[in-house]
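Q: To start, I am sharing the structure in question, which I have written as structure tokens.
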Amino acid sequence: VAVSLQEPSLYTIKAVIILDNDGDRLFAKYYDDTYPSAKEQKAFEKNIFNKTHRTDSEIALLEGLTVVYKSSIDLYFYVIGSSYENELMLTAVLNCLFDSLSQMLRCGGSRRGHL
């Protein structure tokens with residue numbers, strides 16, 4: 001039985017996306033050309049939001065991609081990898097992003113007297 005191993009790559013993350021509670025982009029960074037045009041990116045973001053914003057799970061397989069996500073109040077954070085990517089690694093990236101932004105906003109807000 002032949003086993004095909006994926007070649008190691010630094011490009012494990014295909015995209016990082018932050019959407020508001022209407023599914024509109026606040027931030028998006030795509031690290032490859034899976035969705036090369038802005039129009040394709042917006043369509044993907046709408047699709048991902050529609051499939052995930054009403055669920056309590058934290059992972060989805062969508063359009064051949066592994067999507068891990070987390071929501072907080074009115075923001076939705078997504079980390080996207082390929083279908084064969086380890087979802088625990090993607091979740092670690094998501095948690096780091098989420099915790100870092102939470103800490104930055106908490107510290108920045110306390111210095112200014114508001115959140």
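Q: Which one of the conditions (1) in contact with a Leu (Cβ under 8 Å, 6 or more places away or on another chain); (2) at pLDDT 90 or above; (3) assigned to a helix (DSSP H, G or I) does residue 39 fail to meet, given that it meets all the rest?
A: With respect to (1) in contact with a Leu (Cβ under 8 Å, 6 or more places away or on another chain); (2) at pLDDT 90 or above; (3) assigned to a helix (DSSP H, G or I), residue 39 is out only on (1).
Q: What residue, of 60, 92, is open to solvent by less than 90 Å² (accessible area, probe 1.4 Å), within 21 Å of residue 12 (Cα to Cα) and part of a helix (DSSP H, G or I)?
A: Sole residue among the options that is open to solvent by less than 90 Å² (accessible area, probe 1.4 Å), within 21 Å of residue 12 (Cα to Cα) and part of a helix (DSSP H, G or I): 92.
Q: Just to verify a result, which residue in the stretch 16-31, among those that are within 20 Å of residue 91 (Cβ to Cβ) and of a type outside the set (Phe, Trp, Tyr), is most open to solvent (accessible area, probe 1.4 Å)?
A: Across the stretch 16-31, the extreme among qualifying residues is 29.
Q: Do the conditions hold for residue 46, that is, is it open to solvent by less than 70 Å² (accessible area, probe 1.4 Å) and either modelled with pLDDT of 90 or more or at positive phi (or both)?
A: no
Q: Does the stretch 67-82 contain any residue that is of a type outside the set (Val, Ile, Thr), out of contact with any Pro (no Cβ under 6 Å at 6 or more places or on another chain) and open to solvent by 80 Å² or more (accessible area, probe 1.4 Å)?
A: Looking for residues that are of a type outside the set (Val, Ile, Thr), out of contact with any Pro (no Cβ under 6 Å at 6 or more places or on another chain) and open to solvent by 80 Å² or more (accessible area, probe 1.4 Å), one finds none in the stretch 67-82, hence no.
Q: Sticking with this structure for a sec: Within the bounds of the stretch 99-113, is there any residue that is modelled with pLDDT of 90 or more and of a type in the set (A, V, I, L, M, F, W, C)?
A: Looking for residues that are modelled with pLDDT of 90 or more and of a type in the set (A, V, I, L, M, F, W, C), one finds none in the stretch 99-113, hence no.
The values are calculated or read from the model by the stated rules, or taken from the named source; none is laboratory data. Everything quoted here is computed from the prediction, not taken from an experiment. So basically every Cβ, Gly included, is an ideal-geometry build from the backbone, and we count neighbours across all protein chains shown. Note: accessible area is taken over every heavy atom of the protein model, side chains too, but ligands, DNA and RNA are not part of it. Shrake-Rupley method; radii C 1.70, N 1.55, O 1.52, S 1.80 Å.
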